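Accompanying notes for the structure given below.
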């Protein structure tokens, strides 16, 4: 379709279908509230607002987030009921714009905020109640009914009956299970009716926190927070642990290879100085055999490598898994040229700049089939939900 045809279609709008409507109601979702709660918690812990501190990545990220919230009237209005410390009040904090990244960060209306999806603007009755729109933590009035559950869980963890494992998929969030989120134990007391929207399954939960609060967050919101939390864990009881161990490998399962993660031992200053640089690859034989000639192969940057971790794959096409992981982390791919012993130039595309725990989480998402619902945000170095 050429430009003239497109303009003709846009101009032929007798019913005003293309007219932009004014925003009628601003709602706030779980992720906006969760992001602001982190700023509140920083204030409680430090007695001050987050500052522009580039030596502390977490504080600097919270500072940037707070600045962007303050300059968005819609976001300020939506979050005002939860602003315990007047953090959203006008401030003289100015964020200098000195780069392209600063332009993206200085996004008053969240137009570039793909990973936040902060607002859901809908024409809905104004009488809708706030608890349906957010998942605010509140005191758990019947917490006494759950105290023994938490106490028993701690005792069983100590004795080895229960075990903590990495959270690897939404299907693990079921009624009666424990998790650890931001250092606090969480018990999923209830799982509401599951609904499918845009191909995504979701449900309202009743989550009881060990600190005596509760939340009615959505299942996908809990999953997202567990993925983002480096220390996020699920807690298995003895029966769950045994069943899961048995389900990993069956007699008729076919071992198809390994997905492996490597770090470089290159002496090249340009490579050696890179933080969180890893190669994601696959091998149909042992990983040790695959990398034994790394110093002579451009794909390994013509240098020895260290095997960081490897995942055994059963009944899976490891080459396709590798390709999908490369697509997932594509925006953080290392861009460098290396030369082999004959002087021929190569541009390896299998090295990525991403935290190890994020790569491991992505592998698990890929294996359990849920990676289609997520993407990697190379700016925040986090796995976030796709819109």
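When the stretch 14-65 is filtered for residues that are exposed (fewer than 11 other Cβ atoms within 10 Å of the Cβ), at pLDDT below 65 and closer than 23 Å to residue 380 by Cβ, only 54 remains. Within the bounds of the stretch 92-109, is there any residue that is within 30 Å of residue 187 (Cα to Cα) and either modelled with pLDDT of 65 or more or in contact with a helix residue (DSSP H, G or I) (Cβ under 6 Å, 6 or more places away or on another chain) (or both)? No, every residue in the stretch 92-109 fails to be within 30 Å of residue 187 (Cα to Cα) and either modelled with pLDDT of 65 or more or in contact with a helix residue (DSSP H, G or I) (Cβ under 6 Å, 6 or more places away or on another chain) (or both).
Inspection of the stretch 66-81 identifies no residue that is surrounded by 11 or more Cβ atoms within 10 Å (Cβ to Cβ), under 20 Å from the mean Cα position of the chain (by Cα), at pLDDT below 80 and not in a helix (DSSP H, G or I).
The values are calculated or read from the model by the stated rules, or taken from the named source; none is laboratory data. Computed from a predicted structure; not experimentally measured. Quick reminder, even Gly has a Cβ in these numbers, built from the backbone with ideal geometry, and neighbours come from all protein chains shown.
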